[in-house]
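Notes follow the structure.
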Amino acid sequence: MDIDCTPEFKQEFEKLKKNKSYHSLVSTLVDFLSNNDHNFATGSNLNHNDKTPYIKKRINGAGGYRLYYYYIIVNQRITLMFIHPKTGSSGFESVSVTKRNQLLEDREKCILDKDLYKIVIKNEEIVFTHFKELANS
């Protein structure tokens, strides 16, 4: 499974990670992404496409987090686009339809600009490496 993310996802993740209220964020996301038996196509399929679904997924239960990602099933590639808590000081129920559409548009622009981060899980941590850094190594 190849996992990458947009700069907006990385920025939101880093911001939430610093907030002690969301101490479970890293382990929750690591568990979700590391679970090879998990069907990543489950959740709310926002674009109603069975081959490349745009998924809104609840992780860590009702009071946990909501994750928005694009899944290319044939290539086993996930692009994380946004995450937010459902509770706490930064929590909210769901993003607007306008925001969901913007996330999808931003993903396309990031792909064209090669402005994505590869995600690797090392020692129960999430490591981000920009695609431009990968190309230079």
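The values are calculated or read from the model by the stated rules, or taken from the named source; none is laboratory data. Keep in mind it's a predicted model, so treat the numbers as computed, not measured. Neighbour counts run over all protein chains shown; Cβ positions are idealised from the backbone, glycine included. Each accessible area value is taken on the protein alone, full model and side chains, heavy atoms only, with ligands, DNA and RNA left out. Shrake-Rupley method; radii C 1.70, N 1.55, O 1.52, S 1.80 Å.
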| For LYS10, what is the net charge nearby, where nearby means another residue's Cβ is under 12 Å from its Cβ and Lys, Arg count +1, Asp, Glu -1? | -2
| query | In debye, nearest 20: dipole of the chain around its Cα centre with unit charges on the Cβ of K, R (+) and D, E (-)? | reply | 300 debye
| query | If the cut-off is a Cα-Cα distance under 15 Å, which aspartates and glutamates reach LYS114, setting aside same-chain residues fewer than 8 apart in sequence? | reply | ASP4, GLU8, GLU105, ASP106, GLU133
| said: Keeping every protein chain present and rolling a 1.4 Å probe, give me the accessible area per residue for region 1-102 in Å². | reply: 51 Å²
| query | What fraction of the Cα pairs in region 1-112, stated in percent, has a spacing above 18 angstrom? | reply | 47 percent
| Ellipticity estimate at 222 nm from DSSP helix runs (n ≥ 4, -39,500 (n - 2.57)) divided over the chain, nearest 500 | -10000 deg cm²/dmol
| How many Lys pairs in region 1-109 lie less than 22 angstrom apart by Cα atoms, where the lysines are 8 or more positions apart or on different chains? | 25
| Taking Cα pairs under 8 Å and at least six residues apart, what relative contact order does the chain come out at, in percent? | 27 percent
| task | Report, ordered by chain and residue number, the aspartates and glutamates lying within cross-link reach of LYS122, taken as a straight Cα distance under 13 Å and ignoring same-chain residues fewer than 8 apart. | result | ASP31
